[in-house]
Each structure stands twice: as C-alpha cells, then as structure tokens.
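Asks: A single structure is presented below for examination.
The values are calculated or read from the model by the stated rules, or taken from the named source; none is laboratory data. Keep in mind that what you see is a predicted model, and the values were worked out from it rather than measured. No Cβ is skipped: glycine too gets one built from the backbone with ideal geometry, and neighbour counts run over all protein chains shown. Note: accessible area is taken over every heavy atom of the protein model, side chains too, but ligands, DNA and RNA are not part of it. Shrake-Rupley method; radii C 1.70, N 1.55, O 1.52, S 1.80 Å.
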Amino acid sequence: MRYASCPMYAAAFASLAPRDRMISSSRSTLYRFLSLYAALYAGFGVQSPYLPILLDTRHLSPETIALALAAGTAMRLTAAPAVARLADRFDAPKAMLALCSAAAGLIGLGYLPAQGAWALIALGVVHTAALAPLPPLSDTLALGAAGPTGSGGMTKWKFHYGWLRGCGSAAFVVGLVLSGQAIGHFGIVVIVWLNAALLLAASPVALGVPQLLANGGHSRATASEARGVWALLRLPLYRKMVLLAALILGSHAMHDSFAMIRWSRAGIGPGTSGILWSLSVAAEVVVFVVIGRPLLDRIGPAGAAMLSAGAGVVRWAVMAETAWLPALALIEPLHGLTFALLHLTCMRLLAQCVPRHLEATALTIYGTVGIGVATALLTLACGPIFEHFGAHGFWAMAALCAAALPLIGTLREPTADPG
C-alpha cells in the first residue's frame, strides 16, 4: 500500500491487526496480478485474432496460412515446457516471464517488413517461442500467490484465480475491439505496433508481482525431478484431463485460424468481426468471474465438462451452416462454456491430482503438449479442409467435441490432496 511508505502513516500501518495487514497485502497482490493479466491479454487480443488476416493480405493461400499458424503452435511444444522447466529448476518464473514478454514484443515488430511465405513462417515460429511461456508462467505465479493461508481447518484462499483470468479476458476484449476499429483507420499493420507496445509494458509489471509457490513457500527443482513429465503422465486423471482438453479446446482450431477470414469473405468488416469475437471473450469474463466456480461446485467436473462438450457441438454446427450475423451473435458467447468452463474444470482437477512441486510443468504440459499438439495438427489440417469445404469444415470440429463425451463419463475427482 502506498501509505505504508509515508512516515506520517508508518506508525498507523504498523499497528494494524495481523488480519488487516493480510487483507491489505492480499489486495495489493491482487492488483499487481490484475495489471499483469490486463497488459498480457490485451497484447494477445490486439493481434492474435487478426493475424490470419495479416497473412492473407501478404498473399498467402489458406494452406500456407494454416502451415504458418500450425508451425507456430508446434513451437510451443518445445519452447514453453523448456522455459517452464528452467523456471522450476532455478526458482525463476518471474524473471522468465518478464524476459519472454519483452522478447515477444520486440520480435513481433518483425511482421512489419516480413514478406514471403517462408519469412513469415520463420518469424511466426520465433515469435511463438517467446509468446508460448507467458500464459503458463503467469498462471503459475498467480496460483501460488492466490494459494491457501491459515491453519487448523480455517484455510482460505487469498483471492480467486478466476478473477485474474476474467480480467485477462476483459482486457482481451478491449484490445480486440479497439484493434478492430484501429484497423479501419490505419490498416492491418497497426496490430503489430499495439501488440509490441503492450507486451513490452507487461515486462516490468511482471517483475513487480510476488513469487510464491502454491504450497506456501519457495521451491527449487532437483535433479531427481527431471523425470517430472513422466511422473505426471503416470497419473490417470491427469492423462484424461489433458486428452479432454485436447479434444474440446483443440476443436477451436478452425475458428481461431479461419473465422475472421470466413467473416471477411462474407462481407463482415473488421470492426464488426472484432465485436463478434469480443462476444465470445466477454462470455469468458462472465464464466471466469461470476458463474464458473458456483456452476462447477454445483455440477462437478464431469458435469461441467459434459456441458462444455455439448456447447461445442452446437457452436461448430451453426458455424458450419451459416454466416448470418444474428446467428453468429448468438453462438459466439458459447465460448464461455467451450473454453472458460472447461479451463476452470481442468484447473480444479490439476490442483487436486498433481504434486505441488510439479505444478508449473503440469500447467505447461496441459497448455502446450496436450492442447498444443492437437491444435497444431488440427490447424494444419484446417488449411486444406477450409480450402476445399469452406465453412462446412466446422462439422469436423463438432465431431471432436462429440468424441469427448464418452471420456467425460470416466472422470473422477481424487479423494486425497497430492503431496
């Protein structure tokens, strides 16, 4: 709190009851993380939805666009886990986050002069290498700082992780809408400048957040933990969680790669397209901040996953059949169920089944090896699918969500907290 550094308030601050000081500290920590998530996710929002259009304006075919996006996604399979393991080993997630954010901002400026398929593909791969660790590292720091306090059965969480993701989603919406309007005035290259500015701003913010592990202390990885990935893959519930995320979250590949191009070719301008996309992310905010946790408490992880998969079938079926604006406006908010609710479900299962010293690695495998493999392969497949079948290729995405339904029936929450 700023008053604590002023001499005239120092004595009063020192005399606060321990509970009051804990509340003040928790609020300060929350505000720092809110600033971090706002900068990071606004940076994602101003560029990532419009990147396929940028590539399209550089005269790349749908197959080449898919190859460029899939190659970047594939880079996550090595970059994010490698950085996460370094963060675990050297107890440096905060430093790694700040470094990667700054690097991503600078590398992204390369989209300004880049021309030609191979130059754009190579740039996308390098850019993704810097971007990939940002979500798992920020989540690792946030989950640690939000972790439980107290003892004797009076354990409480300092703040709800969903608030941060909700803030990130809201920032994504703001960046998305403003970027869409800016494109109309300054052209598509404006997304490059906005992305670089926000990611560079996030770097010093990352250095200001606390670094605590979810078990309440600091930890340094040991040589015996090099086999942590295999230890995670031996957990049946963790394997099922990663596969479930790969199917349902992976089904977003065609939307993320070609929805903007599809809407543009249907005569929907970038401003309107940005608003459409923002409806989906606004639904994330509602789920993350308001209804997600109560709904998950009420229907459980299996019920929540079932709801997510069913919403995915409906969403992609409608996308396959029409570009009618009212229909799109109705189904885009289903993203709150197909993404946000499933993500909260996976976070709950992960927190309950993964050993605490492997949390950063578990989050990264969940976000990159599981989802990343599926998304890279599906994005690569979406190029020729979209080229030959157009929007009807979304039926393949609906089939993926339907395939997740039998797996959901086998989900069981662990009865004991991992060590």
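Asks: Filter the helices (runs of 4 or more DSSP H) completely within segment 1-62 down to those with at least 3 residues that are at pLDDT 90 or above, among the hydrophobic types (A, V, I, L, M, F, W, C) and open to solvent by less than 30 Å² (accessible area, probe 1.4 Å).
Replies: Where helices (runs of 4 or more DSSP H) fall fully within segment 1-62 and carry at least 3 residues being at pLDDT 90 or above, among the hydrophobic types (A, V, I, L, M, F, W, C) and open to solvent by less than 30 Å² (accessible area, probe 1.4 Å), they are 18-47, 51-57.
Asks: Only one of these is modelled with pLDDT under 80, open to solvent by less than 10 Å² (accessible area, probe 1.4 Å) and assigned to a helix (DSSP H, G or I): GLY274, GLY228. Name it.
Replies: GLY228
Asks: I've got another one for you. May I ask you to list the residues in segment 311-343 that are closer than 18 Å to ALA403 by Cα, open to solvent by 20 Å² or more (accessible area, probe 1.4 Å) and of a type in the set (Phe, Trp, Tyr)?
Replies: Listed by number, the list holds a single entry, PHE339.
Asks: Considering only segment 80-87, I want to know if a residue exists there that is open to solvent by 30 Å² or more (accessible area, probe 1.4 Å), in contact (Cβ under 8 Å) with a residue 12 or more places away in the chain and among the β-branched types (Val, Ile, Thr).
Replies: Checking segment 80-87: not a single residue is open to solvent by 30 Å² or more (accessible area, probe 1.4 Å), in contact (Cβ under 8 Å) with a residue 12 or more places away in the chain and among the β-branched types (Val, Ile, Thr).
Asks: Which condition does GLY372 not pass, out of (1) modelled with pLDDT under 80; (2) surrounded by fewer than 24 Cβ atoms within 10 Å (Cβ to Cβ), if it passes all the others?
Replies: (2)
Asks: Related question: Give all pairs with beta carbons closer than 8 Å in which a residue from segment 281-303 that is in contact (Cβ under 8 Å) with a residue 60 or more places away in the chain and closer than 30 Å to VAL177 by Cα meets a residue that is of a type in the set (Lys, Arg) and assigned to a helix (DSSP H, G or I); count only pairs at least 6 apart in sequence or on separate chains.
Replies: From residues that are in contact (Cβ under 8 Å) with a residue 60 or more places away in the chain and closer than 30 Å to VAL177 by Cα, the pairs are GLU284/ARG165; PHE288/ARG165.
Asks: Just a yes or no: is a residue in segment 366-377 closer than 15 Å to ALA309 by Cβ, out of contact with any His (no Cβ under 7 Å at 6 or more places or on another chain) and without any contact (Cβ under 8 Å) to a residue 12 or more places away in the chain?
Replies: no
Asks: From the residues in segment 93-113 that are surrounded by fewer than 18 Cβ atoms within 10 Å (Cβ to Cβ) and without any contact (Cβ under 8 Å) to a residue 40 or more places away in the chain, which one is nearest to the chain's Cα centre (by Cα)?
Replies: GLY110
Asks: Scan segment 188-203 and give yes if some residue there is farther than 19 Å from HIS127 by Cα and at pLDDT below 95, otherwise no.
Replies: Looking through segment 188-203, none of the residues is farther than 19 Å from HIS127 by Cα and at pLDDT below 95.
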